[in-house]
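*Asks:* Can you read through this structure? Questions will come right after.
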Amino acid sequence: MKVFVPLDAAARALGADEVVAALQTEAARRGIELTLVRNGSRGMVWLEPLVEVETPDGRVGFGPMDAASVAQVFDGGPLSLGPVEDLPWMKAQTRLTFARCGVIDPLSVDDYRAHGGCAGLMRALGMDVEGRLAEVTASGLRGRGGAGFPTGIKWRTVAGAVADRKYIVCNADEGDSGTFADRMIMEGDPLSLIEGMVIAGITVGATKGFVYLRSEYPDAIAMMNRAVLVARTAGMLGPSVIGSGLAFDMEIRVGAGAYVCGEETSLLNSLEGKRGVVRAKPPLPALEGFMGKPTVVNNVISLATIPVIFERGAAAYAALGIGRSRGTIPLQIAGNVARGGLFEAAFGMSLGGIVDGLAGGTATGRPVKAVQVGGPLGAYFPRALFDVPFGYEDYAGQGGLIGHAGIVVFDDTADMLAQARFAFEFCAVESCGKCTPCRIGAVRGVETVDRIARGDASAIPLLTDLCDTMKAGSLCALGGFTPYPVLSALTHFPGDFACAREAAE
Amino acid sequence: MLDDQAILSRATEIVQAHQGVEGALLPMLHAVQAEFGHVPQAAMPALADAAGVTRAELHGVVSFYHDFREVPAGQVMVRLCRAEACQAMGGDRVAAQVQARLGLDWHETSADGAVTLEPVFCLGLCACAPAAQVNGRLIGRADAARVMAAVAGGQA
Ligand SMILES: Cc1cc2nc3c(=O)[nH]c(=O)nc-3n(C[C@H](O)[C@H](O)[C@H](O)COP(=O)(O)O)c2cc1C
Ligand code: FES
């Protein structure tokens, strides 16, 4: 009997290892031989640990499983979910980047190839540099790390730079609250990220890559390190990638708990062994990046999407989406939701469809009050804006951002003044200290919100002034975007700022 | 306890194992911390030499990163997520309860060296919040009882 139990960190945090032990005991008791595969997660976190059993009619699921209920995997029972691919959450998705995640054994090259892995790399190897650059550009892919910069343009800049060495740096710092897509793909389909980095390397002329992976993800670190060894053995990495004569190899580097090191220039300083302070731009990292050499810095999802773009063709990818937001985006639905997890879809879903539909409203059963999109630097959206379609320009037009596509839902017990205070507090803790608007502004922000909380309405204009100063004068988006959560809380939920005042009067 | 000489010689071995690594300082610091549980003063000269920086510059790097400790942590490390998705699921309440039960504020270590409490901003478990990590083990949908049980397990 072939059984799949995810090794994804969320599944493990919900008891997957205990389920594995119980399954093994139960199988032994029944005299059944168990073939156990530790797969990634399908992304239905509310069903984790999700146990799957291979049957002639496909894989059937059982979840959320716990150690005491494993007999149901053999006998059926209330936790039985039927064919996993037929679950509404699975059927409604367009899984391109995450096509293999949760399906295959993450470290099996055979599984990987059997499910389309390496097809993109093979096609890319058959093209010249210009062809590869044109393919990435035509796909419309924009950076999934937050800034949404067109990947093709970035690669072209690095490809055109003349230098003795160039680098590919994968940004796996994923510090935004509400996001876990990078973690899931690194744990569930690490070879797709490696393949994407190889394609980037052979396109821009870089022979060395680094993944800068946050220390908060020990499982992903272990998996990526093992995957690099597997990829080397399989010839995906090394002096001659798949016998092409082109060299590319890579290393996994571990961050040290600084949110700002997700900012690309801070990341590069950190990778060089320095304090992770932000560098002034220009020079662009594309021209003077790691060790002063031309460097592609791309997010995990940007890079892990490259293989499927080459596999299916840029036109197929670009056919999905809205406006200048092409292709798919892995939505990460988190916080106070009945159904949380990762849902990959073409750009364009409405926020209401995501929150009320997919997520099924709140976990607490109370009304949704606010939804923060795009991490700690993203705006809080009220229900009145639930029709905004998921896209870069659409969110920017509402004073927000999609960031890394984390969606954090709050019920009506949330205190938006407290959330605004937290935004400043977080910025103060994580500021790299290089620029004054961020370093000092965040501290002043906490003080100003506290004044409002004490009933001092005259502090409200000070708060908006401070936000203007931070927006205009900060060196990077940490100080520059902290005003988004603050001002959106103030604009859309004025009652939370006013009742403190009334209470004091 | 290792004496300073022993620490320095072990740190020197770690440094040598990183020869030829590009931008080796963070990997070396992680390796030193994995070995000693913190970055001891006695290891600094070896690290500064290898990285080609002054002691003051090295201190600047070590103090910049939340992960690196200049003093040892408790036997059990408790990390509670304080970020937004966990807040939305009552993380602040769980944190207050754990703080009260441990008698510790953020960044504190109990007097007997048994437990250290640290905040963390997101463990990537935002769809099963609130999240905690006790001696490396992740806990989803954490409550005070489960965190305290894991602490007790870690001390045993
Ligand atoms: C404070 C701050 C934190 C950031 N954190 C991340 C991060 O964790 N991961 C990421 O990919 N990009 C992050 N970014 C964006 C990066 O600076 C950069 O735009 C990105 O890595 C480029 O890759 P992409 O074009 O593939 O998105 C952050 C930016 C700022 C200002
Ligand atoms: S916000 Fe707590 S785990 Fe992500």
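*Asks:* Given the structure, is A:Pro6 outside the structural domain of A:Ile221 (by TED's automatic domain parsing) and in contact with a Ser or Thr (Cβ under 9 Å, 6 or more places away or on another chain)?
*Replies:* So A:Pro6 passes the test.
*Asks:* Still on this structure, I have one more. Would you point out which residue out of A:Gly257, A:Gly276, A:Gly289, A:Gly262 is within 16 Å of ligand 1 (Cβ to nearest atom), within 14 Å of chain B (Cβ to nearest Cβ) and touching a Cys at 6+ places or on another chain (Cβ under 6 Å)?
*Replies:* On the way: A:Gly257 fails: touching a Cys at 6+ places or on another chain (Cβ under 6 Å); A:Gly289 fails: touching a Cys at 6+ places or on another chain (Cβ under 6 Å); A:Gly262 fails: touching a Cys at 6+ places or on another chain (Cβ under 6 Å).
A:Gly276 is the lone residue from the list that is within 16 Å of ligand 1 (Cβ to nearest atom), within 14 Å of chain B (Cβ to nearest Cβ) and touching a Cys at 6+ places or on another chain (Cβ under 6 Å).
*Asks:* OK, next. Do we have any residue at all in the range A:78-95 that's away from ligand 2 (no atom under 16 Å from the Cβ), among the charged types (D, E, K, R) and crowded, with 22+ Cβ neighbours inside 10 Å?
*Replies:* No: zero hits.
*Asks:* Can you name the helices (runs of 4 or more DSSP H) wholly within the range B:20-93 that have at least 2 residues being facing another protein chain (nearest Cβ under 9 Å)? Reasoning before the result, please.
*Replies:* Details: elements: B:25-36, B:44-51, B:55-64, B:84-88.
It comes to B:25-36, B:55-64, B:84-88.
*Asks:* Could you say which residue among A:Ala220, A:Ala227 is within 16 Å of ligand 2 (Cβ to nearest atom) and part of a helix (DSSP H, G or I)? Before the answer, list the steps.
*Replies:* On the way: A:Ala227 fails: within 16 Å of ligand 2 (Cβ to nearest atom).
Testing whether each residue is within 16 Å of ligand 2 (Cβ to nearest atom) and part of a helix (DSSP H, G or I) leaves just A:Ala220.
*Asks:* Taking only the range B:110-134 into account, find how many residues are touching a Gly at 6+ places or on another chain (Cβ under 8 Å), more than 15 Å from B:Val98 (Cα to Cα), in a loop (DSSP other than H, G, I, E, B) and within 14 Å of chain A (Cβ to nearest Cβ).
*Replies:* Matching residues across the range B:110-134 total 4.
*Asks:* Conditions first: (1) assigned to a helix (DSSP H, G or I); (2) more than 27 Å from A:Leu191 (Cβ to Cβ). A:Gly77 passes all but one, so which condition is the exception?
*Replies:* All conditions are met except number (1).
*Asks:* Scan the range A:133-190 residue by residue and report those that are within 16 Å of ligand 2 (Cβ to nearest atom), within 17 Å of A:Leu96 (Cβ to Cβ) and of a type in the set (Asp, Glu).
*Replies:* A:Asp182, the sole residue that qualifies.
*Asks:* To continue, here is another question. Cβ-Cβ below 7 Å, separation at least six or inter-chain, first residue in the range B:80-106 and in contact (Cβ under 8 Å) with a residue 12 or more places away in the chain, second basic (Lys, Arg) and within 14 Å of ligand 2 (Cβ to nearest atom): which pairs?
*Replies:* Going by the 7 Å Cβ cut-off, the qualifying pairs are B:Gly91/B:Arg82; B:Ala95/B:Arg82.
*Asks:* Could you look through the range A:317-333, keep only residues that are among the hydrophobic types (A, V, I, L, M, F, W, C) and touching a Leu at 6+ places or on another chain (Cβ under 9 Å), and pick out the one that is farthest from the other protein chains (Cβ to nearest Cβ)?
*Replies:* Taking the candidates together, the pick is A:Ala318.
*Asks:* In this structure, is A:Lys274 in contact (Cβ under 8 Å) with a residue 60 or more places away in the chain, surrounded by fewer than 24 Cβ atoms within 10 Å (Cβ to Cβ) and either within 16 Å of ligand 2 (Cβ to nearest atom) or closer than 26 Å to A:Met224 by Cα (or both)?
*Replies:* Against the criterion (in contact (Cβ under 8 Å) with a residue 60 or more places away in the chain, surrounded by fewer than 24 Cβ atoms within 10 Å (Cβ to Cβ) and either within 16 Å of ligand 2 (Cβ to nearest atom) or closer than 26 Å to A:Met224 by Cα (or both)), A:Lys274 does not qualify.
Rundown of residues vs (1) in contact (Cβ under 8 Å) with a residue 12 or more places away in the chain; (2) within 18 Å of A:Ile185 (Cα to Cα), yes/no style:
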| site | (1), (2) |
| --- | --- |
| A:Asp111 | no, yes |
| A:Cys118 | yes, yes |
| A:Glu135 | yes, no |
| A:Ser139 | yes, no |
| A:Gly152 | yes, no |
| A:Thr157 | yes, no |
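*Asks:* Continuing with this model, one more query. Touching a strand residue (DSSP E or B) at 6+ places or on another chain (Cβ under 6 Å) and within 14 Å of another protein chain (Cβ to nearest Cβ): does that describe A:Leu303?
*Replies:* Considered against the rule, which asks whether it is touching a strand residue (DSSP E or B) at 6+ places or on another chain (Cβ under 6 Å) and within 14 Å of another protein chain (Cβ to nearest Cβ), A:Leu303 comes out as no.
*Asks:* Now a separate question. Can you pull out the residues in the range A:117-136 that are in contact with a Ser or Thr (Cβ under 8 Å, 6 or more places away or on another chain) and either more than 28 Å from A:Gly406 (Cα to Cα) or not small (Gly, Ala, Ser) (or both)? Spell out how you get there, then give the answer.
*Replies:* Quick first cut of the range A:117-136, residues in contact with a Ser or Thr (Cβ under 8 Å, 6 or more places away or on another chain) only: A:117, A:124-125, A:129, A:132-133, A:136.
Result: A:Ala124, A:Leu125, A:Val129, A:Arg132, A:Leu133, A:Val136.
*Asks:* On to the next question. Scan the range A:182-223 for residues that are crowded, with 24+ Cβ neighbours inside 10 Å and away from chain B (no Cβ under 12 Å) and report the count.
*Replies:* 19
The values are calculated or read from the model by the stated rules, or taken from the named source; none is laboratory data. Model, not experiment: these values are computed from the prediction. Don't worry about glycine lacking a Cβ; one is built from the backbone with ideal geometry, like all the others, and counts go over all protein chains shown.
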